[in-house]
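Structure first, commentary second.
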Amino acid sequence: MRIRKAEIAQDRFKIPKKRRPPKFEAVCYRYMEHAKKSKRSWKRDEETLKLAKTFFKRKRIDEISSWDVERFKASRVKRVSKSTVNRELAILKRLFNLAIDWNLVAKNPVKKVAMYRIEEKVMRVLSQEEEQRLIYAAAPHFKPLIIVAINTGMRRGELLDLQWEQLDLQSSTITIKQSKNGKVRHIPINKKAQEALESIPEPHEGHVFLYRGLPTKAVKTAFAGAVRRAGIQCCRFHDLRHTFATRLVLAGVDLATVMQLMGHASISTTMKYAHPSPPHKREAVERLVPGTKIALQIL
């Protein structure tokens, strides 16, 4: 009887019926519309959600529990690295946070799922001698890319996306219009980087770094080959960026300037790249010894 009265009252006063939350795949579609407008790395999001849609099948967004996410996490770690799984979980967490903002769901099930603990990777800093060997061993089309990477600290994606219209060789400046933190960044070009860029055959149109007339889309194979031929141990392309930052710090450049050149949002991020070498640590403690040429002046 009470149920019937409620039905009559709802019809009488035109009380809107509560809508059922949408399917997970529908929310994924809406999320991707948002991501394409706000993220440069939206393709990674798209790939992750494609996998998630297959895993969660046709569940509604509110039917996905923390346990479901744990199962997704366990299934993915059998196929990819823990760091990759963590990135995928971060994307799912972002999706559910937006779903909460859109009033589609009340809770975020990813919030209770722990990320995998990742051991910090050892960052390599190339010596000047290793740098020369690497450049010598690199394929002709790849040499300018390595030189510009070491001398500008640009991210791999920024280098591969670089267009000639972003370069002003007269003022020796590169303008990054869509850097990681969403801000425009102006990068000064030193003599080495300028010479490398000027060595690239014309026409200077479209993408700067080409391979067989087409934009370079990946660096892993070419870089691994150069590293192997140069006889360098444990070096990744990202270590060129780390080398740039560390060399600046060791040369006495202040961290605020290094932060801007790297395109970081905070000093704490810059500090991850700036690790003094053992010889510089030794020099630092020697400054405490009175009578040496590098002794500190204590007032």
Residues of the range 227-240 being more than 23 Å from the chain's Cα centre (by Cα) and buried (at least 17 other Cβ atoms within 10 Å of the Cβ), in sequence order, are A230, I232
For the range 67-80 the number of residues that are without any contact (Cβ under 8 Å) to a residue 12 or more places away in the chain and either surrounded by 15 or more Cβ atoms within 10 Å (Cβ to Cβ) or under 15 Å from R44 (Cα atoms) (or both) is 1
Out of (1) surrounded by fewer than 18 Cβ atoms within 10 Å (Cβ to Cβ); (2) at pLDDT below 90, the one V249 does not meet is (1)
Over the range 51-99, the set of residues within 23 Å of H34 (Cα to Cα), of a type in the set (D, E, K, R) and assigned to a helix (DSSP H, G or I) is K53, D62, E63, R87, E88, K93, R94
Flag for A224 being aliphatic (A, V, I, L, M), under 19 Å from the mean Cα position of the chain (by Cα) and over 17 Å from I267 (Cβ atoms): no
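Residues checked against (1) crowded, with 18+ Cβ neighbours inside 10 Å; (2) without any contact (Cβ under 8 Å) to a residue 24 or more places away in the chain; (3) not in a loop (DSSP other than H, G, I, E, B):
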position	(1), (2), (3)
V122	no, no, no
P144	yes, no, yes
N151	yes, no, yes
S171	no, yes, no
Going through the range 124-142 in order, the residues found to be surrounded by 17 or more Cβ atoms within 10 Å (Cβ to Cβ) and more than 23 Å from the chain's Cα centre (by Cα) are E130, E131, R133, L134, I135, A137, A138
Quiz item: Among the residues of the range 174-192, is any farther than 20 Å from L261 by Cβ, loosely packed, with under 14 Cβ neighbours inside 10 Å and without any contact (Cβ under 8 Å) to a residue 40 or more places away in the chain?
Solution: no
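The values are calculated or read from the model by the stated rules, or taken from the named source; none is laboratory data. Since this is a predicted model, take the numbers as computed values, not measurements. Glycine also receives a Cβ, built like all others from the backbone with ideal geometry; neighbour counts cover every protein chain displayed.
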